[in-house]
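Student: Structure incoming, see below.
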Amino acid sequence: MSTPSVSLYGTAAEPTLQGARPESTRGRTDALCHRLQTNKDSRLNDNAARSTGVHFDELHSRFAAEIAEIDRALAACLNGQGNPAGHYGMLAYHFGFADAELQPLTESAYLPRGKRLRPLICLLFCRIFGVPQQIATTVMMAVEVMHSASLAHDDIEDRDAVRWNRPTLQTIFGLDQAINAGDALIGLVYRLLLELPSQGVAAAQTLDVIAAFNRAHLRMCEGQHLDLKCRYDDESGAEGYLDMVERKTGAPCICIGESIAILAALPEQTRTTLVDFGRSLGTLYQICDDVRGLFGQPTALGREIGHDLVLHRPSLPLLYACRHGSEALRGLLLAAPGREAPLSVDELGFVRHELLACGAGRYCRDAALLHYEAALTALNALNRDGSEIRTLRGLLDACLASVEFPN
């Protein structure tokens, strides 16, 4: 298999906020926690996300051509796999390239799909550090396929019927086929990476990149294990949750930094900085997604609001609320699982009111700002300038701007 050719170049008072951070950034985060504690009510209004007005939609518009090329490369890769056509058609549906009858779609008719943030981050860093276009494309595709594999399995384990405002794989094709599709995507990741030697990457470097993806894969599975066993009344609380997020959501972003450092033969300190950025970005994104899952709008979120609570799935605001909220809210959170019906309008209103009353919104805001600034510090430590670095800063701003943190 050869990789398709594309033209892509052209409140912090809770001490557990700090507990999951690596030693290399703990000094920075301690200082940030102190600053956030003393200025937590006004800090958000002054941050760059509000002043620049950067949103994911703007990033998508700016990189529409690059996103189209990423999708084109992924679609060509799947189309080139051959038989059984139904099997690869299911993978194409998962990416939005085929309809529920497995009929290929034209680009203008692609189904709603993911943001392609990870390959865009990969593209930007490849441009910064001079990774050749064909190699960059291969790594970008591998990153997106690995992420998509995790989503296929995540939807099964979380019993999600809808993602991106359309039915998930298991909803249409059944549980067995959805499991198999996720497994196939994992295999496709390594098949893509095995193309690197034919693109001029040394064998030793290729093995190192495969090892980085393997580490990320295992860390994501560790994070999913912790996610599945987490309960609202776990003693580990926010510290344990953020450790889980670092594994599950941070690992793919860390993998991007490690892979580019290997391919560009970067110094160890630069590699460490890229890892710090990926870890903080992944955690920031998950915290914001947790808040969107309770305070967002269904059409923007692409799934049911409050679904985490219905499934007893942990999220940062709900874990905080179980420890600091009212007895009524704790009773709802700790009720026996098994509910199928979504939250009613009144129930969702009650939950939101109780989250505000106990300070969960402020706590999540402060946690997000902590990781926002840690990621920004890592970017600044690269000592690089140019449009790519500015875009990466804008992406951090967009993460914060994507959610209105309740006070």
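Student: Checking Ala378 against (1) touching an Asp or Glu at 6+ places or on another chain (Cβ under 7 Å); (2) closer than 22 Å to Arg231 by Cα: exactly one of these is not met. Which one?
Tutor: In the conditions (1) touching an Asp or Glu at 6+ places or on another chain (Cβ under 7 Å); (2) closer than 22 Å to Arg231 by Cα, Ala378 misses (2) alone.
Student: Here are Val209, Val310: which of them is over 30 Å from Asp346 (Cβ atoms), of a type outside the set (S, T, N, Q) and out of contact with any strand residue (DSSP E or B) (no Cβ under 6 Å at 6 or more places or on another chain)? It would help to see each step written out before you state the result.
Tutor: Values: Val310 fails: over 30 Å from Asp346 (Cβ atoms).
None of the other options fit; the residue is Val209.
Student: Hey, any hits in the stretch 359-376 for a residue that's under 26 Å from the mean Cα position of the chain (by Cα) and outside any helix (DSSP H, G or I)? Step through it out loud before you land on a result.
Tutor: Looking only at the stretch 359-376, we keep the residues that are under 26 Å from the mean Cα position of the chain (by Cα), and these are 359-376.
Narrowing further to those that are outside any helix (DSSP H, G or I): 359.
The answer is yes; a qualifying residue exists.
Student: If you don't mind, there's one more thing I want to ask. For Ala265, state whether it is small (Gly, Ala, Ser) and on the phi > 0 side of the Ramachandran plot.
Tutor: Against the criterion (small (Gly, Ala, Ser) and on the phi > 0 side of the Ramachandran plot), Ala265 qualifies.
Student: OK, next. Evaluate the stretch 122-129: report whether one residue or more is under 26 Å from Ala212 (Cα atoms), out of contact with any helix residue (DSSP H, G or I) (no Cβ under 7 Å at 6 or more places or on another chain) and surrounded by fewer than 22 Cβ atoms within 10 Å (Cβ to Cβ).
Tutor: no
Student: Let me ask another. I need the full set of residues from the stretch 130-140 which are in contact with a Leu (Cβ under 9 Å, 6 or more places away or on another chain) and surrounded by 18 or more Cβ atoms within 10 Å (Cβ to Cβ), in order please.
Tutor: Val131, Ile135, Ala136, Thr137, Thr138, Val139, Met140
Student: Kindly evaluate Phe277 against the criterion of being within 23 Å of Gly114 (Cβ to Cβ), in contact with a Gly (Cβ under 7 Å, 6 or more places away or on another chain) and of a type in the set (Phe, Trp, Tyr).
Tutor: In short, yes.
Student: Among helices (runs of 4 or more DSSP H) lying entirely in the stretch 227-326, which contain 1 or more residues that are modelled with pLDDT of 85 or more, buried (at least 24 other Cβ atoms within 10 Å of the Cβ) and aromatic (Phe, Trp, Tyr)?
Tutor: Correct list: 237-248, 268-295, 316-324.
Student: Scan the stretch 339-348 and tell me whether some residue there is of a type in the set (Lys, Arg), surrounded by 15 or more Cβ atoms within 10 Å (Cβ to Cβ), out of contact with any Pro (no Cβ under 9 Å at 6 or more places or on another chain) and more than 22 Å from Tyr285 (Cα to Cα).
Tutor: We begin by selecting, within the stretch 339-348, every residue of a type in the set (Lys, Arg); these are 339.
Cutting the leftovers down to surrounded by 15 or more Cβ atoms within 10 Å (Cβ to Cβ) gives us none.
No, the stretch 339-348 has no match at all.
Student: Quick check on this structure: which one of Leu207, Leu185, Leu218 is surrounded by 18 or more Cβ atoms within 10 Å (Cβ to Cβ), hydrophobic (A, V, I, L, M, F, W, C), modelled with pLDDT of 95 or more and in a helix (DSSP H, G or I)?
Tutor: Leu185
Student: Quick one: count up the residues across the stretch 377-407 that are among the polar types (S, T, N, Q), surrounded by fewer than 18 Cβ atoms within 10 Å (Cβ to Cβ) and part of a helix (DSSP H, G or I).
Tutor: 3
Student: If you don't mind, another one. When the stretch 327-346 is examined, which residues are found to be touching a helix residue (DSSP H, G or I) at 6+ places or on another chain (Cβ under 8 Å) and in a helix (DSSP H, G or I)?
Tutor: Once the filter is applied, which keeps residues that are touching a helix residue (DSSP H, G or I) at 6+ places or on another chain (Cβ under 8 Å) and in a helix (DSSP H, G or I), the stretch 327-346 yields Ala328, Leu329, Arg330, Leu332, Leu333.
Student: Return only the number of the condition from (1) under 25 Å from the mean Cα position of the chain (by Cα); (2) at pLDDT 75 or above; (3) surrounded by 12 or more Cβ atoms within 10 Å (Cβ to Cβ) that Ala65 does not satisfy.
Tutor: (3)
The values are calculated or read from the model by the stated rules, or taken from the named source; none is laboratory data. Worth saying up front: this structure is predicted, and the values here are computed from it rather than measured. A quick note on method: Cβ atoms are made from the backbone with ideal geometry, for glycine too, and the neighbour counts reach across all protein chains shown.
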